[in-house]
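Below is one structure; the comments refer to it alone.
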Amino acid sequence: MAHFGIVAPAFYSHFSALSALAGELVARGHRATFLHRPDAGAFVRDPRVGFHTVGAASHPPGSLAAVLERAANPGGLLGLRRVILDMAGSTDMLCRELPPAIAALGIDALIADQMEAAGGLVAEAMGLPFVSVACALPVNREPGIPLAVMPFDYAGDERARHMYEGSTRVYDWMMGPHRRSIAANARRLGLGARDGLHECLSPLAQVSQTVAAFDFPRHALPPHFHHVGPLRPTGQPPGPDGRSMPAIAAGRPFVFASLGTMQGGRFGLFRRIARACRALDAQLLVAHCGGLDARQEARLLEAGATWVCAFANQEAVLARADAVVSHAGSNTVMDAIAARTPILALPIAFDQPGIAARVVHAGIGLKASARFAGSARIASLLRRLLDEDRFAARLEALSSGVAQAGGTRRAADIIEAALPLQQPAPGSKAARAAYALG
């Protein structure tokens, strides 16, 4: 049995998906340990899965909150640059700190989130097998496909291709600090030239939480790329998880609104959603993930929300909902597809604009601007989701694909089949590299 190290960005949604995969591997007799800055340990909720602190000197306890706040609300260009510098600093720290920690823990293989380059860079430098996991949209690049962070609809004409290429150049320029971090760490680790996340992926296996039918049409993914659908805990019966299900009245639409763990404090947007649902005489459950206080909760109830809570059993609620209003986070969208619930996507940051574009392309929902869409616009789009049959037809097909994709168990099967899981001997290349890099 193997000991897997897990390297991911210090975001709860990424840790949540990878914790499900780690739990499945542990259930099969393996060990799994996340490695990151001290505060990220709070994201590991499964007692069977380990956490090992690295980088406490440069990323001390208590420092992650400010990073998450900047990521959730970057503001203008200066704020966005600070977010990118945070990403670069995390990659620098992990590339420094991971090798000695991996050697000390006796880790045999890495599971590397696509959004953190350090996992792939360190694994390659140490001679460790690794698998890449796309918890968000895949970062794999392909001509004719816009980057995951771009809001563009899909088109196959020459004009669209030029637009995608131009936006990629702008993105690469903006990401300069992170690209330089990747390039510098690759040189320091003795690797070939690279400067982007898409150049740090596994040659053995790449796993994605999406299904192929949800993405834009791709033709150049590597043969070892696998769409497995949502990574969710296995061995747990569906249903309540200690969070109560509201008493939903028959005969009136039921809408669920969630903006995820990082964006749950956007009171103004929730209020517009509440007013839209009041105009539709729809029941609304708002889950703000702890982002609002009691006074704000009360004001949302006054604006038209039926129930307001910090957290809801998302899968159970989506199974009952007639529509979901979401920031277009990957986890919420994939859960909505599995539950056959049409989506109103209000993207805010990261790859959410790209996910929203794919929601529309797949025919499973609509999108609008989180910043500019007023209550009347949100109500109009929700009315379409509730009234038009075409969304249900597309959701039925996609949901069947998700059910057949295999999810967490298939991802674990792929990892076990792809990775040579022998423990490196004390004098092996991996062991020598670990101590040399430390």
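The values are calculated or read from the model by the stated rules, or taken from the named source; none is laboratory data. From a predicted model like this one, the values you see are computed outputs, not experimental measurements. A quick note on method: Cβ atoms are made from the backbone with ideal geometry, for glycine too, and the neighbour counts reach across all protein chains shown.
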State whether one or more residues within region 48-55 are surrounded by 22 or more Cβ atoms within 10 Å (Cβ to Cβ), at pLDDT 95 or above, closer than 21 Å to ILE415 by Cβ and not assigned by TED's automatic domain parsing to the domain that holds SER330.
yes
Quick test for you: out of LEU284, LEU301, pick the one residue that is buried (at least 21 other Cβ atoms within 10 Å of the Cβ), at pLDDT 95 or above, farther than 11 Å from LEU259 by Cα and not small (Gly, Ala, Ser).
LEU284
Hits in region 323-346 - residues which are part of a loop (DSSP other than H, G, I, E, B) and either among the hydrophobic types (A, V, I, L, M, F, W, C) or crowded, with 24+ Cβ neighbours inside 10 Å (or both):
HIS327, ALA328, GLY329, THR341, PRO342, LEU346
Of all residues making up region 276-322, the number that are farther than 24 Å from ALA368 by Cβ, among the aliphatic types (A, V, I, L, M) and assigned to a loop (DSSP other than H, G, I, E, B)
1
Residue among SER132, SER181, SER202 that is part of a strand (DSSP E or B) and touching a Gly at 6+ places or on another chain (Cβ under 9 Å)
SER132
In region 251-268, the residues that are assigned to a helix (DSSP H, G or I) and either in contact with a helix residue (DSSP H, G or I) (Cβ under 8 Å, 6 or more places away or on another chain) or within 12 Å of ALA305 (Cβ to Cβ) (or both)
GLY260, THR261, MET262, GLN263, PHE267
Restricting attention to region 184-199, which residues are part of a loop (DSSP other than H, G, I, E, B) and either of a type in the set (Lys, Arg) or farther than 12 Å from GLU124 by Cβ (or both)?
ALA193, ARG194, ASP195, GLY196
Go through region 112-128 and give me each residue that's more than 20 Å from the chain's Cα centre (by Cα) and in a loop (DSSP other than H, G, I, E, B).
GLY127, LEU128
Among the candidates ALA397, ALA393, ALA412, which residue alone is farther than 29 Å from LEU18 by Cβ and either in contact with a helix residue (DSSP H, G or I) (Cβ under 8 Å, 6 or more places away or on another chain) or outside the structural domain of LEU21 (by TED's automatic domain parsing) (or both)?
ALA393
Heads up, the strands (runs of 3 or more DSSP E) in region 1-106 (entirely inside) with at least 3 residues that are in contact (Cβ under 8 Å) with a residue 12 or more places away in the chain and among the hydrophobic types (A, V, I, L, M, F, W, C) are 3-7, 31-36
When region 197-212 is examined, which residues are found to be surrounded by 17 or more Cβ atoms within 10 Å (Cβ to Cβ) and touching a residue at least 24 places away in the same chain (Cβ under 8 Å)?
LEU197, CYS200, LEU201, SER202, LEU204, ALA205, GLN206, VAL207, SER208, GLN209, THR210, VAL211
Filtering region 345-382 for residues that are charged (D, E, K, R) and touching a strand residue (DSSP E or B) at 6+ places or on another chain (Cβ under 7 Å) leaves a count of 1
I need the full set of residues from region 184-210 which are of a type in the set (A, V, I, L, M, F, W, C) and farther than 17 Å from MET93 by Cβ, in order please.
LEU191, ALA193, LEU201, LEU204, ALA205, VAL207
For region 141-159: of the residues being among the small types (Gly, Ala, Ser) and touching a residue at least 12 places away in the same chain (Cβ under 8 Å), which is farthest from GLN206 (Cα to Cα)?
GLY156
For region 56-65, indicate whether the set of residues that are crowded, with 19+ Cβ neighbours inside 10 Å and touching a strand residue (DSSP E or B) at 6+ places or on another chain (Cβ under 8 Å) is non-empty.
no
